[in-house]
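Below is one structure, written out as structure tokens; comments come after it.
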């Protein structure tokens, strides 16, 4: 994944006119095209048939990359979507004699409808619960196909599915059908690449790798997951239709688990979240058994061992291995950071009237018996620097999570500029103008610092599915977002690290990248959760200066910190929590002398 | 009357499923990876029982220790191929590597034994037991007893022995376990050996009444997966309860309505459980700290 962003960064910087085209997949795609062409020209009819099937699977796996690769959800429904598409064409074609041009769109549409129906209950489930729920959906569809004999032909299936007919031309078996299928693969690959090549693709990456990071920059995770599931179903439906047009019979085999297993294996062996990976994985795994035919009855054993071997030797899939090899023999020029770009004028989502910027009213939150927020009430004035202190476990981070919508309050209200935000999902709160950093840093490790920030600055560009589809040529929104990201990295003094992967960055730099990301949202208020933790004194002083300058420019700051030497000179106002209660509020000097605060930190005074 | 007989058959099947699901949970807890070949290991255990019975014609209960020991060693070899080369990779890699090895096992069994279902000897004797008006299958009763003993033994091992505590420590926090001097890799290898041994026992128990064929593993793994999710990911008692629930649907409900309808209802129940309790019946909601 790192390679995608790294290369894209390089290309954007070089600004060659066609540099944006096919970034990251040119080499494997070319290799794939050569293989297909070679077989197509030299092969016998059996070879052509196998390669046609490989094309069908390639389309299926390209679709699967949306939900499994980009969204990172282990869906086991891809086989079911494939089967539904196959059955639609199979039944309508063999029983009613409907032509391809009618059945094909229906085969794509029906699995998508199924995806929309199951999305609501299934998508909110996590990891293996999601996997099993999708598996359950597939098993129910399979049972239906076996037992609804009058329509599906039951376990025997239905013969007599017609071939592909385009208006007045029956596409013959062999080379023409192969060409047709692979043309659709090329189209499907192009569409998938178009959708994921820009900012939108980066948003998927952030969402997959770190949900907290995604929420904090305003990414609507539920929506992305929904889009991914429906896209995967559309591709699966198309693949299913082509499959029955090729084998000319519809049977329950299309719905059975081995197809799902094959798809998953192809995606991982080829390269996860890679379009070229889907194509290479499909070609290799469909042909592997053929290459081992000489082993007679043992050929599938060899197939299993070969798949195992590829998993072990190529951790990033075959495409990842190819690209690493290429980088060694024929390295690309090192990327150049883009020039910084001034951020667009801050949009004012919040009215500029009098009254506090942020108001917390009667806020309550309990975890089981532990009260983490006990009737909290306080205001944060516009332009203020408010420090929040309190002993460990006093509910500071909980308060931040309540304000930013990660937790939902049991009772009470939070108002931003007079408008209630409590109850809104986290990404909406982020878009309203509350940005934050995390106590345990939440950056995407395998992404450049630049792109981590660019996803946040890209929010101003308003990326989305339609935007991704209609972007022609290089993604200018991504280019601007990266420019603005460079600006904010500069504000925090870490512009030199922009092109490094966050994994390689030292702790103190990561903290500042995270602050740059929060700033890139153009927030009204910035909430910092222990920004000085892990920084040495010099870095702390530098950070304090930079924060003060931001406040001078009108940004409101809410800083949670244990480190008093850092916080006392910085904060204009301070509040102190203990056991979820607000025990003191005032200037830093007042807080330092407050008996309640001293007691909370040092324990009750001695009796004598 | 019928209901009671069905209940005993159902509990017997559920007990065998529980052994499958327990093996699955053991590996899951120790490595947080899904062993998708757990069902195929059961199949291997079934065929090993068939082969052993062909060499030494004794009742299943005598074969059981042999099969369990053989499968434990098999499990060690399995971990060397499927887990250890991939232990620092994302867990989905292990998912795929175990799928690949499952394919190898299936086709290996197919090459050695052929595709037809084979039968292993009963644990003690076949036939039925008459208790007044009840007619009870002896095999079902012995399955329940043997599975109960194995599950209890495993529970005691985890709860009471130093070895069990070390295994639990490894499962809970590998780094911490390593820091206090537990040989983590050996513990994981031992977990694989135990999971395979449980699979072997399940294979022997199932291969009498339900036969064994090379492709049965994928059906079993789906059931184990469902059992573990219904029970709550990683919960040991949950896995047993989930396995029992599946067996009840398969045996009792399908006797009254049709088998497909019962299976359909099972999945509907599963989806309903996930909808209302996304963490499974015995699972806890884990919230990552932001």
- If you line up the Cα atoms of chain A on their principal axes, what length do they span on each, largest first, in Å? 94, 55, 47
- FRET efficiency estimate (nearest 0.05) - Cβ-Cβ, residue B:163 to residue A:572, R0 51 angstrom: 0.30
- Note on the structure: Ordering A:554-560, A:241-247, A:63-69 by per-residue average of other C-beta atoms within 10 angstrom, highest first, gives A:63-69, A:241-247, A:554-560
- Query: When ranked by the protection proxy of mean other Cβ atoms within 10 Å per residue, highest first, what sequence do the peptides A:504-512, A:267-275 form?
  - Reply: A:267-275, A:504-512
- Proxy reagent accessibility, fewest Cβ within 10 Å first, across A:152, B:215, B:125: B:125, B:215, A:152
- Message: At a threshold of 8 angstrom on Cα-Cα distance, excluding pairs fewer than six apart, so keeping six or more, what relative contact order does segment B:2-216 reach in percent?
- Response: 43
- Task: Within 10 Å of each Cβ in peptide A:301-310, how many partner chain Cβ atoms are there on average? Round it to a whole number, please.
- Result: 6
- Message: Using only the alpha carbons of chain B, what is the convex hull's orientation-averaged projected area in square nanometres?
- Response: 16.5
- Per principal axis, largest first, the Cα atoms of segment B:41-197 extend in Å by 59, 41, 26
- Query: Over all residues in A:66-75, what is the mean tally of Cβ atoms on other chains that come within 10 Å of each residue's Cβ?
  - Reply: 1
- Query: Stretched out fully, how many nm does the piece from residue B:128 to residue B:275 gain, at 0.36 nm a residue minus the Cα gap?
  - Reply: 48.7 nm
- Query: How many partner chain Cβ atoms sit within 10 Å of a residue's Cβ in peptide A:398-404, on average, as a whole number?
  - Reply: 1
- So how compact is segment A:207-327: Cα radius of gyration and Dmax in angstrom? 17.5, 56
- Quick one: compute a quarter of the convex hull surface over the Cα atoms of segment A:350-484 and quote it in nm². 10.8
- Treating every alpha carbon of segment A:284-381 as one equal point scatterer without solvent, the Debye formula yields log10 I(q)/I(0) values at q = 0.10, 0.15 Å⁻¹ of -0.72, -0.83
- Task: Averaging sequence separations of C-alpha pairs under 8 Å and six or more residues apart, then dividing by the length of chain A, give the relative contact order as a whole percent.
- Result: 17
- Would you please put A:588-599, A:443-454, B:184-195, B:25-36 in order of how densely packed they are, using the mean number of other Cβ atoms within 10 angstrom per residue and starting with the highest? A:443-454, B:25-36, B:184-195, A:588-599
- Item | Cα Rg over Rh - segment B:124-185, Kirkwood | 1.36
- Item | 0 to 90° range, to nearest 10: angle between helix A:100-122 axis and chain A longest Cα axis | 30
- Task: Quick one: check the C-alpha center-to-center distance for segment A:201-280 versus segment B:154-180, whole angstrom.
- Result: 38
- Query: Where does the Debye-calculated log10 I(q)/I(0) of segment B:173-276 sit at q = 0.13, 0.18 Å⁻¹, using only Cα point scatterers of equal weight, no solvent?
  - Reply: -0.63, -1.01
- Note on the structure: One finds the C-alpha centres of segment A:502-540 and segment A:95-145 to be spaced, in Å, by 44
- Message: Can you tell me what share of the DSSP beta bridges in chain A is antiparallel? A percent to the nearest 5 is fine.
- Response: 60
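Values quoted throughout were computed directly from the atomic coordinates according to the rules given, and no laboratory measurement underlies them. From a predicted model like this one, the values you see are computed outputs, not experimental measurements. Don't worry about glycine lacking a Cβ; one is built from the backbone with ideal geometry, like all the others, and counts go over all protein chains shown.
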